[in-house]
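Student: Handing you this structure, nothing more for now.
The values are calculated or read from the model by the stated rules, or taken from the named source; none is laboratory data. What you see is a predicted model; the values in this text were computed from it and never measured. Positions of Cβ are backbone-derived with ideal geometry, glycine not excepted, and every protein chain shown enters the neighbour counts.
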Amino acid sequence: MSSGRILLISQVFYPDEVAVANLFTNLCSVFVKNNLDVEVWCAQPSYTTLERQPSHNTYQGIRIKYLPSTNFHKDRLAGRITNYLTYGLSAIFKLLLTGRENLVVTHTAPPFLAIIISFVCRLKRQKILYVLLDVFPDGLVRLKKASPKNIFIKIWQIMHFASIRRCSKVVAIGRDMREWLLNSCQGISGKVHYIPVWQDDELISPGPFSRNPFVEKHNLKDKFVVQYSGNMGLWNEMSTFAEAVNRKPEQVMFVFIGGGMRYKELIDAFSEPDPENVLLISFLPNREYAAAVSACHTALVSLRSGVEGMAVPSKMIGIMAAGIPVIAVVPRESEIAYIVSEENCGLIVQPGDTEGLINAINKLKSDDALRMRLGKNGRDAFEKKYTTRLVAGRYMELFNDIY
């Protein structure tokens, strides 16, 4: 890597604390610790903070440039689109005017940006590594949010596959995603690599439930706590959770932390306005989240039927880091199901199977030894495969291959 530098083009980054920002901030900090020269071009924060940043900053040795962009709050659709456009234009023009000594790294948030960046890099004969976090527009077609016959969707697919062929390397964060990509886009088998999602092992670690500050704050000591924490977004199955709440399993408290486009769908599906067996909390800052993720007896992960290969919920790795057994409400041919089965760190329930979810909760509730074993298995697997340090090493191997 002595011959080049890493340039990450990512709309979200520090000080925003959403999942993608956290992932790449952690990853870049490890790159810097390994003596890589890392620069990040990001937008002004618009998710967990709206405080505008200076145009240049340094964080943990990472040189950050906040490009000219609006930062309307993400919950306003028009504002979010304006943020995408202003940041995207700034990134494209800056890339056009910058030398090509950097290895460009980018990803799929927002979806269109990587397509344009890949074409600019091809024009400049600049090397690019593309991290596929989720898949558009194919995921929208799977969810029946768009028709495969729509001319706009067809053009989008053609442009996306063309951009992938132009990349030096492509990373898929799920084996199901890699398989879909190899089956859908011809001539790329040598450049597509599976590297899993990662988590900061210094942020999250196992801890006793009874002494957890989140448990004490919310008076959860005498409950069996089932927790969902993170984004309730496009890919997530939430209706099964709402139905389980409505069944009111004995002595079970459901804790939902976060929000997103499916949050209203969740609460609207409750059989009563304010269920006594539900605690709703908005997104938490990283340090509070680190305590909250272990403030439960089992944690939930979800993925809607039909979208295997389109997305991989990153919250799974945080749950494993906390040593908490998972109940994965996901299709069986999905990356999350593969991890749960391989590492024996939880139970798998099919999306829509409310009875199966209740049975899984009751099984873990009645068997302390099983919960402890599954949680320990998850933590052991996390330490061997999914820490930021280990995953960063795999990325650095790719960097060396590219150079």
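Student: Among the residues of segment 92-103, write down those that are crowded, with 20+ Cβ neighbours inside 10 Å and more than 19 Å from PRO68 (Cβ to Cβ).
Tutor: Step one: filter segment 92-103 for residues crowded, with 20+ Cβ neighbours inside 10 Å, giving 95, 102-103.
ASN102, LEU103, listed by residue number.
Student: Just checking, which of ILE358, ILE336, ILE317, ILE327 is farther than 28 Å from GLY190 by Cα and crowded, with 20+ Cβ neighbours inside 10 Å? Before you say what the answer is, go through the steps one by one.
Tutor: On the way: ILE358 fails: crowded, with 20+ Cβ neighbours inside 10 Å; ILE336 fails: farther than 28 Å from GLY190 by Cα; ILE317 fails: farther than 28 Å from GLY190 by Cα.
After applying the criteria, what remains is ILE327.
Student: Hey, among the residues in segment 131-162 that are small (Gly, Ala, Ser) and part of a loop (DSSP other than H, G, I, E, B), which one's farthest from THR98 (Cα to Cα)? Even if it seems obvious, please write down each step before you answer.
Tutor: Residues of segment 131-162 that are small (Gly, Ala, Ser), as a first pass: 139, 146-147, 162.
If we keep only those that are part of a loop (DSSP other than H, G, I, E, B) too, we end up with 146-147.
Values: ALA146: 37, SER147: 38 Å.
It comes out as SER147.
Student: Could I ask something else about it? Restricting the first residue to segment 292-306 and requiring it to be of a type outside the set (Val, Ile, Thr), which pairs with a second residue that is assigned to a helix (DSSP H, G or I) meet a Cβ separation below 6 Å and a spacing of at least six or different chains?
Tutor: That search, which allows pairs on different chains as well, returns ALA292/PHE214; ALA295/PHE214; ALA295/VAL215; ALA299/ILE319; GLY306/ARG142.
Student: Looking at (1) modelled with pLDDT of 95 or more; (2) in the same structural domain as VAL312 (by TED's automatic domain parsing); (3) buried (at least 16 other Cβ atoms within 10 Å of the Cβ), find the lone condition where LYS169 falls short.
Tutor: (2)
Student: Here is a list of conditions, (1) out of contact with any strand residue (DSSP E or B) (no Cβ under 6 Å at 6 or more places or on another chain); (2) under 17 Å from PRO110 (Cα atoms), and ARG142 meets all of them except one; can you say which number that is?
Tutor: Evaluating ARG142 over (1) out of contact with any strand residue (DSSP E or B) (no Cβ under 6 Å at 6 or more places or on another chain); (2) under 17 Å from PRO110 (Cα atoms) leaves (2) as the failure.
Student: For residues in segment 289-315 being closer than 16 Å to GLU237 by Cβ and hydrophobic (A, V, I, L, M, F, W, C), which is nearest to the chain's Cα centre (by Cα)?
Tutor: VAL312
Student: Looking at (1) more than 26 Å from GLY323 (Cβ to Cβ); (2) buried (at least 19 other Cβ atoms within 10 Å of the Cβ); (3) outside the structural domain of PHE161 (by TED's automatic domain parsing), which one does VAL192 not meet, given that it meets all the others?
Tutor: Going through (1) more than 26 Å from GLY323 (Cβ to Cβ); (2) buried (at least 19 other Cβ atoms within 10 Å of the Cβ); (3) outside the structural domain of PHE161 (by TED's automatic domain parsing) one by one, VAL192 breaks only (3).
Student: Just to check your reading of the model, which residue among ASN246, ASN277, ASN286 is within 17 Å of the chain's Cα centre (by Cα) and of a type in the set (S, T, N, Q)? Break it down into steps so the answer makes sense when it comes.
Tutor: On the way: ASN246 fails: within 17 Å of the chain's Cα centre (by Cα); ASN277 fails: within 17 Å of the chain's Cα centre (by Cα).
Checking each option against the conditions leaves just ASN286.
Student: Related question: Can you pull out every residue in segment 250-266 that is surrounded by 18 or more Cβ atoms within 10 Å (Cβ to Cβ), under 19 Å from ASN236 (Cα atoms) and of a type outside the set (Phe, Trp, Tyr)?
Tutor: Once the filter is applied, which keeps residues that are surrounded by 18 or more Cβ atoms within 10 Å (Cβ to Cβ), under 19 Å from ASN236 (Cα atoms) and of a type outside the set (Phe, Trp, Tyr), segment 250-266 yields VAL255, ILE257, GLY258, GLY259, GLY260, ARG262, LEU266.
Student: Within segment 34-76, which residues are within 22 Å of the chain's Cα centre (by Cα), charged (D, E, K, R) and surrounded by 13 or more Cβ atoms within 10 Å (Cβ to Cβ)?
Tutor: GLU39, LYS74
Student: Could you tell me whether GLU202 is surrounded by fewer than 20 Cβ atoms within 10 Å (Cβ to Cβ), outside any helix (DSSP H, G or I) and out of contact with any strand residue (DSSP E or B) (no Cβ under 8 Å at 6 or more places or on another chain)? Explain how you work it out, then say what you get.
Tutor: Numbers: surrounded by fewer than 20 Cβ atoms within 10 Å (Cβ to Cβ): yes; outside any helix (DSSP H, G or I): yes; out of contact with any strand residue (DSSP E or B) (no Cβ under 8 Å at 6 or more places or on another chain): yes.
Spelling it out, GLU202 is indeed surrounded by fewer than 20 Cβ atoms within 10 Å (Cβ to Cβ), outside any helix (DSSP H, G or I) and out of contact with any strand residue (DSSP E or B) (no Cβ under 8 Å at 6 or more places or on another chain).
Student: So is VAL20 surrounded by fewer than 22 Cβ atoms within 10 Å (Cβ to Cβ), within 18 Å of LEU284 (Cα to Cα) and of a type in the set (Val, Ile, Thr) or not?
Tutor: Spelling it out, VAL20 is indeed surrounded by fewer than 22 Cβ atoms within 10 Å (Cβ to Cβ), within 18 Å of LEU284 (Cα to Cα) and of a type in the set (Val, Ile, Thr).
Student: Within the bounds of segment 336-349, is there any residue that is outside the structural domain of TYR194 (by TED's automatic domain parsing) and more than 22 Å from the chain's Cα centre (by Cα)?
Tutor: No, segment 336-349 contains no residue that is outside the structural domain of TYR194 (by TED's automatic domain parsing) and more than 22 Å from the chain's Cα centre (by Cα).
Student: While we're on this one: Of the residues that make up segment 76-88, is at least one among the basic types (Lys, Arg), touching a strand residue (DSSP E or B) at 6+ places or on another chain (Cβ under 8 Å) and in contact (Cβ under 8 Å) with a residue 12 or more places away in the chain? Give the steps one after another, and end with the answer.
Tutor: If we filter segment 76-88 for residues that are among the basic types (Lys, Arg), which is where we start, we get 76, 80.
Subsequent filtering for residues that are touching a strand residue (DSSP E or B) at 6+ places or on another chain (Cβ under 8 Å) retains none.
No, the conditions are met nowhere in segment 76-88.
Student: So, one more: If ARG247 meets every condition in (1) surrounded by fewer than 17 Cβ atoms within 10 Å (Cβ to Cβ); (2) free of Cβ contacts under 8 Å to residues at least 40 places away in the same chain apart from one, which number is that one?
Tutor: Single failed check for ARG247: (2).
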